[in-house]
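Asker: Starting off with a structure, shown below.
The values are calculated or read from the model by the stated rules, or taken from the named source; none is laboratory data. Note that this is a predicted model, so its numbers are computed, not measured. Note that each Cβ is placed from the backbone with ideal geometry, even for glycine, and that neighbours are counted across all protein chains shown. Quick note on the areas: whole protein, heavy atoms, side chains included, nothing else; ligands and nucleic acids left out. Shrake-Rupley method; radii C 1.70, N 1.55, O 1.52, S 1.80 Å.
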Amino acid sequence: MTTMTESITDNPPPQAPVPNDGRQRDRAEGIVLSEYPRQETELGGKTIGKISCENPFMVVEDVNVYYGDNHAIRNVSLEIAKKEVIALIGPSGCGKSTFLRCLNRMNDSIESARVTGKIMLDGQDIYAKEQDPVALRARVGMVFQKPNPFPKSVYDNVAYGPRIHGLAGDRAELDAIVHSSLERAGLLKEVKDRLDEPGTSLSGGQQQRLCIARTIAVNPEIILMDEPCSALDPIATARIEDLMDELCEDYAIVIVTHSMQQAARVSRRVAYFHLGLLVEVDETNKIFTNPQHKLTEDYITGRIG
Amino acid sequence: MAIEKTTREKVEAGLARRHRKEALFRVVGMLATVVGVLFLGIFFATLVAKGSTAFKQTFVQLDITLEADVLAPGGTLDLGYADFDGLVRSALGKQFPEVTARADRRQLYRLVSVGASYALRDLIEKNPALLGTTQSLWVPASSDVDMLIKGNIDSNVDESLRTLSDQQIGWVTRLAARGRVESRFNKALFTNGDSRDPELAGVKGAVVGSFYMLLVTITLSFPIGVAAAIYLEEFAPRSRLSDLIEVNINNLAAVPSIVFGLLGLAVFIDWMALPRSAPLVGGLVLTLLTLPVIIIASRAAIQAVPPSIREAALGIGASNTQVVVHHVLPLAMPGMLTGAIIGMSRALGESAPLLMIGMVAFIVDVPGSLTDPATALPVQIYLWADSPERAFAERTSAAIIVLLGFLLLMNFAAVVLRKRMERKW
Ligand SMILES: Nc1ncnc2c1ncn2[C@@H]1O[C@H](COP(=O)(O)OP(=O)(O)O)[C@@H](O)[C@H]1O
Ligand SMILES: [Mg+2]
């Protein structure tokens, strides 16, 4: 409990005049983008700030995504380093989820979606013909907005990934993977005696940590998180944020969030999206203290969504 | 403040009307339920009232001397030629020694069913040592006597309008007075095939025929239907063609069943030269009939699987096939089973398409394989309902009861299966 409260008060966003999360999201739904002249949002496709980083692990180059005629992501380029946490922020519908789902080819299963551009993971093009999305998703795991454990036991939930990828040689090895994954997801203590109970019988926060355990059980290199806390109460949220602090010692984390505080607390870099454009990306401190673009400033000060 | 009050007043003013509507809604719903239950009750009551008597059958006790020189004239017993009938007749004659005129004796012999000599033959076949002894046996009475005992023949009606004469009724009364007439459980109904003699007619042939047909139907239509549903839902690209297929499947579910019978006749019997009247062909036709139902139900069940589960599985690197096999199928299985059981229930009750492929023939033998000639329960019901004998009327109702029992058993099995597979979300 104490660590949780600590993490909430700890490391407050540097003078970020952010209104509370709920209000922001309400405003985001009814955002008045028409107030912003089109030229200003077009930007000529140029992203402000630093899209590059040292030792890039994943490199996104000129990516466009179309849903039929809807141009959802426009010319986005971004580099992601190993073991860093990068937060994607922006008003609803600006394409954060779409961008995230490009990184592990989850958009493949949407028929109308078309992705152009290049995304390199450790020097390999993940959209290359010979790249199997199944193998890719073992390296780039994903945690969803709504906790979605399988209607199976807690154990089977975590064991599923290792089983289908054949990561464990025998039962003992599988047990070890399940235990260590639950341990690292901070869930082992709570579910130690309930491994045979259905994963769906856990509380919302526990379910989300179970989903995280399930993801790290296949030992990915990058974890994508799409608003992982938006369905959780503040205490459960704080636990997940603590968890992210620990996980980033081993994994790169790309997290979509609507909470400025969360972005400020957990991330090293922040990327601000607007109408499918990557407007600005920089160190978290810099974005929150000294945003370069007017749209970014308006967003983080709560003037738009 | 003023605005708040008027809003409140408005809400309260409408409250009474809302309550009235709700009450009305409830009453209408309840009435509909009551009417439904009432009809069901009447249906079951008449069925049981008409059919329950068929489960009893009248038997007559005769002291039959199994004379060796009658049954085995040359010293060798030939079951095919032995005159069991004669033994039954003489035993009956011994009960009424005063009846000597040929015409009268012929009338007397009509009191006992031909089933009596079959019973005698079975007895000797099982135990040839009985040859030469006298046995006191209960043998089936003829269906006319059975009807008399069950009160279906009114002795006040003019003699020429009855199937039993005054004289015959007198004999039965005297036999009964000697304690030689008894109502017993009608085993023949469950162990015999069809027969021209109502007292010997049973549903076993039809039950076995129906069972074989459903066996063929379920083993073909469930896997094919589920596989088609999975392909259409999970793998087929959305296109004009898949839309066309979808429309066609939906329409196929509404095609009158007799059309499937014609198709079966043309394809399976004329073209593929499969045997007529066989449960195999019946099962194939019923497969065509139930396939659309199973496909539609299975697709609905697959669509009902939450997308979040698919995403979760895809997200940790399951392939499409693994998503389907590990997650979609187990979750959709209860719904698919429901579809299968609806299809099977429909198949069990179908008679029209079976008429087209010759399963309406009069078949005495119980089918021993998928290609033996057979009938099905609904067709048997149709055949018996069409028979003029009074005794077939109660057997028709009894066969319907058996059909409903079959149906109930199937549904029960499905419910048990579904309960086992259902999981909490
Ligand atoms: N499956 C889809 N099919 C068609 N359009 C979609 C789909 N998902 C998202 N979009 C569109 O793409 C745009 C970006 O959506 P999304 O990535 O979900 O935004 P965010 O996550 O930032 O709220 C929106 O205009 C949305 O309507
Ligand atoms: Mg989103």
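Asker: Report yes if some residue within the stretch B:374-382 is in contact with an Asp or Glu (Cβ under 7 Å, 6 or more places away or on another chain) and aromatic (Phe, Trp, Tyr); otherwise report no.
Answerer: Scanning the stretch B:374-382 turns up no residue that is in contact with an Asp or Glu (Cβ under 7 Å, 6 or more places away or on another chain) and aromatic (Phe, Trp, Tyr).
Asker: Applying the selection to the stretch B:266-291, what residues are touching a residue at least 40 places away in the same chain (Cβ under 8 Å) and farther than 15 Å from B:Thr371 by Cα?
Answerer: The answer is B:Leu286, B:Thr287, B:Leu289, B:Thr290, B:Leu291.
Asker: Kindly evaluate A:Gly95 against the criterion of being modelled with pLDDT under 95, within 12 Å of ligand 1 (Cβ to nearest atom) and more than 14 Å from A:Leu136 (Cβ to Cβ).
Answerer: Against the criterion (modelled with pLDDT under 95, within 12 Å of ligand 1 (Cβ to nearest atom) and more than 14 Å from A:Leu136 (Cβ to Cβ)), A:Gly95 qualifies.
Asker: Read through the list (1) part of a loop (DSSP other than H, G, I, E, B); (2) in contact with a helix residue (DSSP H, G or I) (Cβ under 6 Å, 6 or more places away or on another chain); (3) within 14 Å of ligand 1 (Cβ to nearest atom); (4) within 14 Å of chain B (Cβ to nearest Cβ), then give the number of the only condition that A:Met142 fails.
Answerer: Result: A:Met142 passes all but (1).
Yes or no, residue by residue, for (1) within 14 Å of chain A (Cβ to nearest Cβ); (2) surrounded by fewer than 21 Cβ atoms within 10 Å (Cβ to Cβ); (3) of a type in the set (Phe, Trp, Tyr):
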| site | (1), (2), (3) |
| --- | --- |
| B:Leu329 | yes, yes, no |
| B:Ala332 | yes, no, no |
| B:Met344 | no, no, no |
| B:Ala376 | no, no, no |
| B:Ser387 | no, yes, no |
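Table: residues versus (1) part of a strand (DSSP E or B); (2) within 30 Å of B:Arg178 (Cβ to Cβ); (3) not assigned by TED's automatic domain parsing to the domain that holds B:Met147.
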residue	(1), (2), (3)
B:Leu24	no, no, yes
B:Gly75	no, no, no
B:Tyr81	no, no, no
B:Leu92	no, yes, no
B:Leu120	no, yes, no
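Asker: Take the residues in the stretch A:92-107 that are open to solvent by 20 Å² or more (accessible area, probe 1.4 Å) and out of contact with any helix residue (DSSP H, G or I) (no Cβ under 6 Å at 6 or more places or on another chain); name whichever of them is farthest from the other protein chains (Cβ to nearest Cβ). It would help to see each step written out before you state the result.
Answerer: Applying the first criterion (open to solvent by 20 Å² or more (accessible area, probe 1.4 Å)) to the stretch A:92-107 yields A:92-93, A:97, A:101, A:105.
From the residues that got through so far, the ones that are out of contact with any helix residue (DSSP H, G or I) (no Cβ under 6 Å at 6 or more places or on another chain) too are A:93, A:97.
Numbers: A:Gly93: 19, A:Ser97: 11 Å.
Among residues in the stretch A:92-107 that are open to solvent by 20 Å² or more (accessible area, probe 1.4 Å) and out of contact with any helix residue (DSSP H, G or I) (no Cβ under 6 Å at 6 or more places or on another chain), the one farthest from the other protein chains (Cβ to nearest Cβ) is A:Gly93.
Asker: Next question, about the same structure. What pairs can you find where one residue is in the stretch B:143-160 and outside any helix (DSSP H, G or I), the other is polar (S, T, N, Q) and modelled with pLDDT of 85 or more, and their Cβ atoms are less than 6 Å apart, with a gap of 6+ or different chains?
Answerer: These pairs meet every condition: B:Lys150/B:Thr53.
Asker: Sort through A:Ala217, A:Ala213, A:Ala263 and tell me the only one that's within 15 Å of ligand 1 (Cβ to nearest atom) and open to solvent by less than 10 Å² (accessible area, probe 1.4 Å).
Answerer: Among A:Ala217, A:Ala213, A:Ala263, only A:Ala263 is within 15 Å of ligand 1 (Cβ to nearest atom) and open to solvent by less than 10 Å² (accessible area, probe 1.4 Å).
Asker: Here is a follow-up. Just for the stretch A:59-106: of the residues that are within 16 Å of ligand 2 (Cβ to nearest atom) and of a type in the set (Phe, Trp, Tyr), which one is nearest to A:Phe288 (Cα to Cα)?
Answerer: A:Phe99
Asker: Does any residue in the stretch A:105-116 that is among the polar types (S, T, N, Q) come within less than 9 Å, Cβ to Cβ, of a residue that is within 9 Å of ligand 1 (Cβ to nearest atom) and open to solvent by 70 Å² or more (accessible area, probe 1.4 Å) six or more places away or on a different chain, and which pairs are these?
Answerer: Close Cβ pairs (under 9 Å, with a partner that is within 9 Å of ligand 1 (Cβ to nearest atom) and open to solvent by 70 Å² or more (accessible area, probe 1.4 Å)) amount to A:Ser112/A:Asn70.
Asker: May I pose another question? Residues in the stretch A:185-208 that are in contact (Cβ under 8 Å) with a residue 24 or more places away in the chain, surrounded by fewer than 17 Cβ atoms within 10 Å (Cβ to Cβ) and more than 15 Å from A:Arg239 (Cα to Cα): how many?
Answerer: 3
Asker: Is it true that some residue in the stretch B:18-40 is in contact with a helix residue (DSSP H, G or I) (Cβ under 9 Å, 6 or more places away or on another chain) and open to solvent by less than 100 Å² (accessible area, probe 1.4 Å)?
Answerer: Taking every residue of the stretch B:18-40 in turn, none turns out to be in contact with a helix residue (DSSP H, G or I) (Cβ under 9 Å, 6 or more places away or on another chain) and open to solvent by less than 100 Å² (accessible area, probe 1.4 Å).
Asker: Given the options A:Ala172, A:Ala159, name the one that is surrounded by fewer than 19 Cβ atoms within 10 Å (Cβ to Cβ) and part of a helix (DSSP H, G or I).
Answerer: Checking each option against the conditions leaves just A:Ala172.
Asker: Could we say that A:Leu121 is under 16 Å from B:Ile316 (Cβ atoms) and away from ligand 1 (no atom under 16 Å from the Cβ) here?
Answerer: It is false that A:Leu121 is under 16 Å from B:Ile316 (Cβ atoms) and away from ligand 1 (no atom under 16 Å from the Cβ).
Asker: Checking B:Ser351 against (1) free of Cβ contacts under 8 Å to residues at least 24 places away in the same chain; (2) open to solvent by 20 Å² or more (accessible area, probe 1.4 Å), only one condition comes out false. Which one?
Answerer: Unmet for B:Ser351, out of (1) free of Cβ contacts under 8 Å to residues at least 24 places away in the same chain; (2) open to solvent by 20 Å² or more (accessible area, probe 1.4 Å): (1).
Asker: Out of everything in the stretch A:175-184 that is of a type outside the set (Ser, Thr, Tyr) and more than 14 Å from every other protein chain (Cβ to nearest Cβ), what residue ends up being most open to solvent (accessible area, probe 1.4 Å)?
Answerer: Restricting to residues being of a type outside the set (Ser, Thr, Tyr) and more than 14 Å from every other protein chain (Cβ to nearest Cβ), the top hit is A:Glu183.
Asker: Might you check whether a residue that is over 26 Å from B:Gly74 (Cα atoms), surrounded by 12 or more Cβ atoms within 10 Å (Cβ to Cβ) and of a type in the set (Asp, Glu) occurs anywhere in the stretch B:102-111?
Answerer: Checking the stretch B:102-111: at least one residue is over 26 Å from B:Gly74 (Cα atoms), surrounded by 12 or more Cβ atoms within 10 Å (Cβ to Cβ) and of a type in the set (Asp, Glu).
Residue by residue, here is whether (1) within 16 Å of ligand 2 (Cβ to nearest atom); (2) in a strand (DSSP E or B); (3) more than 15 Å from A:Leu100 (Cβ to Cβ) holds:
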site	(1), (2), (3)
A:Ser230	yes, no, no
A:Glu241	no, no, yes
A:Asp250	no, no, yes
A:Ile253	no, yes, no
A:His258	yes, no, no
A:Ala271	yes, yes, no
A:Asp282	no, yes, yes
A:Phe288	no, no, yes
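Asker: Yes or no: B:Phe362 among the hydrophobic types (A, V, I, L, M, F, W, C), surrounded by fewer than 19 Cβ atoms within 10 Å (Cβ to Cβ) and part of a helix (DSSP H, G or I)?
Answerer: No; evaluated as a whole, the condition is false for this residue.
Asker: If you don't mind, another one. Tally the residues that are more than 7 Å from every other protein chain (Cβ to nearest Cβ) and aromatic (Phe, Trp, Tyr), restricting the search to the stretch A:145-159.
Answerer: Here is the first cut: in the stretch A:145-159, the residues more than 7 Å from every other protein chain (Cβ to nearest Cβ) are A:145, A:147, A:149, A:152-159.
Remaining after also requiring aromatic (Phe, Trp, Tyr): A:155.
Looking only at that region, the number is 1.
Asker: When you scan the stretch A:222-242, do you find a residue that is within 14 Å of another protein chain (Cβ to nearest Cβ) and away from ligand 1 (no atom under 16 Å from the Cβ), even just one?
Answerer: Yes, some residue in the stretch A:222-242 is within 14 Å of another protein chain (Cβ to nearest Cβ) and away from ligand 1 (no atom under 16 Å from the Cβ).
Asker: While we're on this one: Are any residues in the stretch B:201-254 of a type in the set (S, T, N, Q), open to solvent by 10 Å² or more (accessible area, probe 1.4 Å) and under 26 Å from the mean Cα position of the chain (by Cα), and if so, which ones?
Answerer: Listed by number, the list holds a single entry, B:Thr219.
Asker: Which residues, counting only those in the stretch A:219-228, are at positive phi and within 16 Å of ligand 2 (Cβ to nearest atom)?
Answerer: A:Glu227
Asker: Given (1) within 14 Å of another protein chain (Cβ to nearest Cβ); (2) open to solvent by less than 50 Å² (accessible area, probe 1.4 Å), identify the lone condition not met by A:Ser112.
Answerer: Of everything listed in (1) within 14 Å of another protein chain (Cβ to nearest Cβ); (2) open to solvent by less than 50 Å² (accessible area, probe 1.4 Å), A:Ser112 misses just condition (2).
Asker: Ok, one more. Can B:Ser257 be described as modelled with pLDDT under 95, in the same structural domain as B:Gly349 (by TED's automatic domain parsing), buried (at least 17 other Cβ atoms within 10 Å of the Cβ) and within 19 Å of B:Arg346 (Cα to Cα)?
Answerer: Judged against the criteria, B:Ser257 is a match.
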